[in-house]
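First the structure, in the form of structure tokens, and then the observations on it.
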There are 2 protein chains.
Amino acid sequence: MTTFGQRVRAALDEFGPLCVGIDPHTTLLDAWGLDVSAQGAGEFGLRVVDAAAGRAGIVKPQVAFFERFGSAGYAALERVLAAARAAGLIVIADAKRGDIDTTMDGYADAWLGAGSPLEADAVTLSPYLGPDSLHKTLASAVRSGKGAFVLAATSNREGLPVQTAEVVDGAASDRERVAERVARDVGSHNIGLPGSLGSIGVVVGATVDRAAYGLSDIVLAGTPILAPGFGAQGAQAGDLPKLFGYVASGVIASESRSILAVGADRVAARISERAAAYREALGG
Amino acid sequence: MTTFGQRVRAALDEFGPLCVGIDPHTTLLDAWGLDVSAQGAGEFGLRVVDAAAGRAGIVKPQVAFFERFGSAGYAALERVLAAARAAGLIVIADAKRGDIDTTMDGYADAWLGAGSPLEADAVTLSPYLGPDSLHKTLASAVRSGKGAFVLAATSNREGLPVQTAEVVDGAASDRERVAERVARDVGSHNIGLPGSLGSIGVVVGATVDRAAYGLSDIVLAGTPILAPGFGAQGAQAGDLPKLFGYVASGVIASESRSILAVGADRVAARISERAAAYREALGG
């Protein structure tokens, strides 16, 4: 079996770091001449999948923009997820789910279960209930060739109070930040694979000061990093090596509005252009 | 307009603190003789709604147990939500959503939007991206007669590292815990209503040591408290006054398995029995 980490490594090597967000929000649906409806969101997603196939390796549908249309929106999302996987794209469902026990199993079944109508290759998870509450889901994902990206340091400033807070179960002189604790816990699922990329990743915003969150290179080594904050949110493709340094080769750079806002006719060309910019930044 | 907080107050006064969880997990579907499918989950939910109506004031469907069946599961959940609201029950969708900007708006539209197929009276939210990232959603909920419950101190021990971490933007001698920061931020939406219950609540597990999370009575005053941890998870109805003291009158005590495991035939009687136990504990 090929692990999720191996698939990500191959996609990054072939296409470079770009991950294309699939965010059918109202402004974009209007700009693309599509209905603000489940039908419109589905059509939008399918067009982005068509444009991304062969030009980028990874797509990231934003679940909230489908969930807002209820079950009809989910039916549209199911079509988008299936089309993306059939096109050979790696699909990260951006759902930010997080719960405990059998409830967490429900979310894992939904997004990572083989044959689930919402099956993706990986899902984003939120660790407010403690990174250990995700342990079973993460271990199971690794075993079944799936992946996950756990929120560590998000790209928004409002995240600072929670994500840079000091965990109090260590010595006062050696306290981890919450984001660091999350990343270390996540990293524990990736050991035993020296030099390769693990299947369990973290979300680290491109524009955050990693040091303030305790996210040193050593903490992140071997862990795939899903990095929002590129494009419309401020970071430039050319900054990727400087921003991520030693761990830059494991970064998945997510862009949404900066690609999607060019409109349906130009989106394929825009994806090619952005993918090339990242490859150039990494010297590829 | 009646606020959500006023509706909760009225429900607590009439029926007492009991909130009936609607958790169609596999074990319970089997025990009730229902298919492990969207259809089975929907039927389960409708039966719990029938049993709860007139016996308890509040129900809490667990979204994960419907989401695992994809769009068909969501269609079933839509029927359960509509039936519960039509029966006059206050419906808290236990979704634990949390995101930023327009993405967060998508979740708010889904669960709190008037006329949304998934419309509930309130939704649970997760603050890992910072309590301030939820500000717009919470303010909008208050204005439209809706509510929300933000995770502060959850009932699982794995939550301790994140939820008791010390926020570092204050003086070192006066640092808040993450859960306290969340509760204070939430509480800021409830001011100006002395003596009454606000519309934005927090989740505080019944079995947690509130002091370790900085959740004093003064921090929680006026804020509705959704408290899991009763029933199968260990806390007893009779302990409610002791556990929550000064703020006990704002507690919504959530029970799921301890009620649902008795089977379809006995669930109505069990709800009556549990509701009476809480009322008795509060001396009502």
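The values are calculated or read from the model by the stated rules, or taken from the named source; none is laboratory data. This structure is a prediction, so every number in the text was calculated from the model and none was measured. Quick reminder, even Gly has a Cβ in these numbers, built from the backbone with ideal geometry, and neighbours come from all protein chains shown.
Go through (1) more than 10 Å from chain A (Cβ to nearest Cβ); (2) surrounded by 16 or more Cβ atoms within 10 Å (Cβ to Cβ); (3) part of a loop (DSSP other than H, G, I, E, B) for B:Arg184 and report which single condition fails.
Checking B:Arg184 against (1) more than 10 Å from chain A (Cβ to nearest Cβ); (2) surrounded by 16 or more Cβ atoms within 10 Å (Cβ to Cβ); (3) part of a loop (DSSP other than H, G, I, E, B), the one that fails is (3).
What is the number of the single condition among (1) in contact (Cβ under 8 Å) with a residue 24 or more places away in the chain; (2) more than 9 Å from every other protein chain (Cβ to nearest Cβ) that A:Leu160 does not meet?
The single condition A:Leu160 does not satisfy is (2).
What are the residue pairs meeting all of these: first residue in the range B:164-178, first residue of a type in the set (Gly, Ala, Ser), second residue outside any helix (DSSP H, G or I) and surrounded by 16 or more Cβ atoms within 10 Å (Cβ to Cβ), Cβ atoms under 7 Å, and 6 or more apart or on different chains?
As it stands, the answer is B:Ala165/A:Ala165; B:Ala165/A:Glu166; B:Ala165/A:Val167; B:Ala165/A:Val168; B:Ala165/B:Arg177; B:Gly170/B:Glu176, since those pairs meet every condition given.
Can you confirm whether B:Gly201 is in contact (Cβ under 8 Å) with a residue 24 or more places away in the chain, in a strand (DSSP E or B) and not aliphatic (A, V, I, L, M)?
When the stated conditions are applied, B:Gly201 passes them.
Of the numbered conditions (1) farther than 21 Å from B:Phe65 by Cβ; (2) crowded, with 20+ Cβ neighbours inside 10 Å, A:Tyr74 fails exactly one; give the number of that condition.
For A:Tyr74, the exception is condition (1).
Name the single residue that is surrounded by the most Cβ atoms within 10 Å (Cβ to Cβ) among those in the range A:250-273 being in a loop (DSSP other than H, G, I, E, B) and on the phi < 0 side of the Ramachandran plot.
A:Ser256
Can you tell me which residue within the range A:209-249, out of those that are touching a residue at least 60 places away in the same chain (Cβ under 8 Å) and in a loop (DSSP other than H, G, I, E, B), is farthest from A:Leu138 (Cα to Cα)?
A:Gly229
In the range B:206-243, how many are of a type in the set (Phe, Trp, Tyr) and under 23 Å from B:Arg175 (Cα atoms)?
Count: 1.
Against the condition within 11 Å of chain A (Cβ to nearest Cβ), in contact with a His (Cβ under 7 Å, 6 or more places away or on another chain) and modelled with pLDDT of 95 or more, how does B:Phe65 come out, does it pass?
Yes.
If you take the residues of the range A:77-98 that are under 30 Å from B:Gln233 (Cβ atoms) and facing chain B (nearest Cβ under 10 Å), which of them is surrounded by the fewest Cβ atoms within 10 Å (Cβ to Cβ)?
The selected residue is A:Ala95.
For A:Ala51, only one of the following conditions fails: (1) surrounded by fewer than 24 Cβ atoms within 10 Å (Cβ to Cβ); (2) on the phi < 0 side of the Ramachandran plot; (3) touching a helix residue (DSSP H, G or I) at 6+ places or on another chain (Cβ under 9 Å); (4) within 11 Å of chain B (Cβ to nearest Cβ). What is its number?
Answer for A:Ala51: the failing condition is (4).
If a residue must be in contact with a helix residue (DSSP H, G or I) (Cβ under 6 Å, 6 or more places away or on another chain) and away from every other protein chain (no Cβ under 12 Å), how many such residues does the range B:33-43 contain?
Residues meeting the conditions: 2.
State all residues of the range A:191-209 that are more than 18 Å from A:Pro228 (Cα to Cα) and either buried (at least 22 other Cβ atoms within 10 Å of the Cβ) or in contact with a Leu (Cβ under 8 Å, 6 or more places away or on another chain) (or both); if no residue qualifies, say none.
Result: A:Leu197, A:Gly198, A:Ser199.
To keep it simple, each residue is scored yes or no on (1) farther than 22 Å from A:Gln6 by Cβ; (2) within 8 Å of chain B (Cβ to nearest Cβ); (3) surrounded by fewer than 24 Cβ atoms within 10 Å (Cβ to Cβ).
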position	(1), (2), (3)
A:Ile100	yes, yes, yes
A:Ala108	no, no, no
A:Ala120	no, no, no
A:Pro131	yes, yes, no
A:Ser144	no, no, yes
A:Thr154	yes, yes, no
A:Val168	yes, yes, yes
